[in-house]
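Quick notes on the structure that follows.
The values are calculated or read from the model by the stated rules, or taken from the named source; none is laboratory data. Keep in mind that what you see is a predicted model, and the values were worked out from it rather than measured. Cβ: placed from backbone, ideal geometry, glycine included. Neighbour counts: every protein chain shown. Ligands, DNA and RNA are excluded from the accessible area calculation, which covers all protein heavy atoms including side chains. Shrake-Rupley method; radii C 1.70, N 1.55, O 1.52, S 1.80 Å.
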Amino acid sequence: MAAAVLAAALGGGLFLVAWRWLRGARGSAAAAGAKAAASMRGKTVIITGANSGLGRAAAAELLRMQARVIMGCRDRARAERAAREIRAEVGERAPAEGGGELVVRELDLASLRSVRAFCHRVLQEEPRLDVLINNAGIFQCPYMKTEDGFEMQFGVNHLGHFLLTNLLLGLLKNSAPSRVVVVSSKLYKYGEINFEDLNSEISYNKSFCYSRSKLANILFARELARRLEGTGVTVNSLHPGIVRTNLGRYVNIPFLAKPLFNLVSWAFFKTPLEGAQTSIYLASSPDVEGVSGKYFGDCKEEELLPKAMDDLVARKLWDISEVMVGLLK
């Protein structure tokens, strides 16, 4: 009996190692393909939440493509540390020598004041903006409110990015052809836009509210794409898949289950670089030049549920969001 258990454990372990190796090989090939597909030299990219996870991986790869990458991050010290590490990994060269550039700017999406200050500085200092990647997010946190009194997940994942994008639209238009990339999630499928309780004052479920914020991301991207038709600015949303990042820091895993969870996540979850491939693709690939209003996964267009394509809901959400963030009184 003991021998059978040991054999099963060894067999399972070897299977997980083999599976992880195959995933890693595919991820490396995809990354190499993305780098070979386009140069971003002379282009400026803003990535929110770029000091860890998907954002950090995207920042490193776009820097390799010679882009000027602006890391919009809440914690400046952590962002500066991540920037130093990325420069060391990539081997940053001066722009005059054909290299990219990495710049850290403070941006707290839980504060409309911070978003406005960030955009004011960008508009003062940057002559162009070729790509905006709305990547930062918060996942299934306990009930909390932003500085401005919004439920945290809806406030950060949707409203903060809504204001950020709108304040930078003029620069994006002047830099056209340019792109907006919105990181959503497959979990949008479990969300609903409840206009009677957008701020979760009546009830709060952390899973539902995350899904709602990700559905809002897709509706925002589609409505923005509609409004920007003919401007040369494209807007697309994506899901990165299940990725090993610190996004799940609020998820409680029982202590005894953590070793198994860590093993399974190591074997089956994407690495940040693998998860960032669709963001990088939408930011840089000539294959999607002129493509707008679509939803992608694994660098391919995917179908959306009807509720994510409801134009009436998208327009109403836009109108309400404008009032919530102070763009309209």
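Data for the structure
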read-out	value
Yes/no for LEU123 being in contact (Cβ under 8 Å) with a residue 12 or more places away in the chain and within 19 Å of ARG56 (Cα to Cα)	no
Residue tally, condition under 25 Å from ARG227 (Cβ atoms), open to solvent by 30 Å² or more (accessible area, probe 1.4 Å) and assigned to a loop (DSSP other than H, G, I, E, B), over the stretch 138-185	3
Only one of ARG244, ARG315 that is open to solvent by 50 Å² or more (accessible area, probe 1.4 Å) and modelled with pLDDT of 95 or more	ARG315
Some residue of the stretch 72-83 being surrounded by fewer than 22 Cβ atoms within 10 Å (Cβ to Cβ), without any contact (Cβ under 8 Å) to a residue 24 or more places away in the chain and over 14 Å from SER279 (Cβ atoms)	yes
Lone qualifier among ALA221, ALA225 - being assigned to a helix (DSSP H, G or I), at pLDDT 95 or above and either basic (Lys, Arg) or within 14 Å of the chain's Cα centre (by Cα) (or both)	ALA221
Of all residues in the stretch 36-58 being touching a Leu at 6+ places or on another chain (Cβ under 7 Å) and part of a helix (DSSP H, G or I), the one that is nearest to GLY160 (Cα to Cα)	GLY53
Condition broken by SER203, with the remaining ones in (1) farther than 24 Å from ASP298 by Cα; (2) out of contact with any Asp or Glu (no Cβ under 8 Å at 6 or more places or on another chain); (3) open to solvent by 10 Å² or more (accessible area, probe 1.4 Å); (4) in a loop (DSSP other than H, G, I, E, B) satisfied	(2)
